[in-house]
């Protein structure tokens, strides 16, 4: 799957769950940023879907972000990261889910220039969805970042 579809899937999930958009966007690029850099740029891993495309990487990075950034950011990041991995299964892709606990045969997975009609339609729909998110009003974000209000005396009595 190409980047626009990864972004759209993560943003759609984030919106549906009222998650943190920046965390969703970060989780969308982390697996490819790590694994593709290590494989294609540095040449130190045999595949562009390697350690960062595993459940162990999801658990470690999600836990770290939850500790450093809070539960909401951590949950959004973890859900979006998993969404990225599931999207990589589109059109016969592979994901080394249990790496490093299970050995996987490296797959030559350079960017494929060919794309099926189904894949093209998905990518176009993703781009339209991303445009919708870009044009959407940031009203929810403003509400989420507003300072908390003081509880009334009645609310305070029931705590």
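A few points about this structure:
- Residues located in the range 81-95, provided they are part of a helix (DSSP H, G or I) and either farther than 17 Å from residue 122 by Cβ or modelled with pLDDT under 90 (or both): 81, 82, 87, 90, 91, 92
- Test: residue 69 is in contact (Cβ under 8 Å) with a residue 24 or more places away in the chain and within 27 Å of residue 131 (Cα to Cα): no
- Taking the range 46-66 as the range and being surrounded by fewer than 20 Cβ atoms within 10 Å (Cβ to Cβ) and farther than 16 Å from residue 27 by Cβ as the test, only 46 passes.
- Criterion: under 11 Å from the mean Cα position of the chain (by Cα) and either outside any helix (DSSP H, G or I) or surrounded by 15 or more Cβ atoms within 10 Å (Cβ to Cβ) (or both) - qualifying residue of 43, 78, 19: 78
- Apart from one condition, residue 10 fits all of (1) crowded, with 22+ Cβ neighbours inside 10 Å; (2) within 13 Å of the chain's Cα centre (by Cα); (3) free of Cβ contacts under 8 Å to residues at least 60 places away in the same chain; the exception is (3).
The values are calculated or read from the model by the stated rules, or taken from the named source; none is laboratory data. Every value quoted in this text rests on a predicted model; they were computed, and no experiment measured them. Note: ideal-geometry Cβ built from the backbone for every residue, glycine included; neighbour counts use all protein chains shown.
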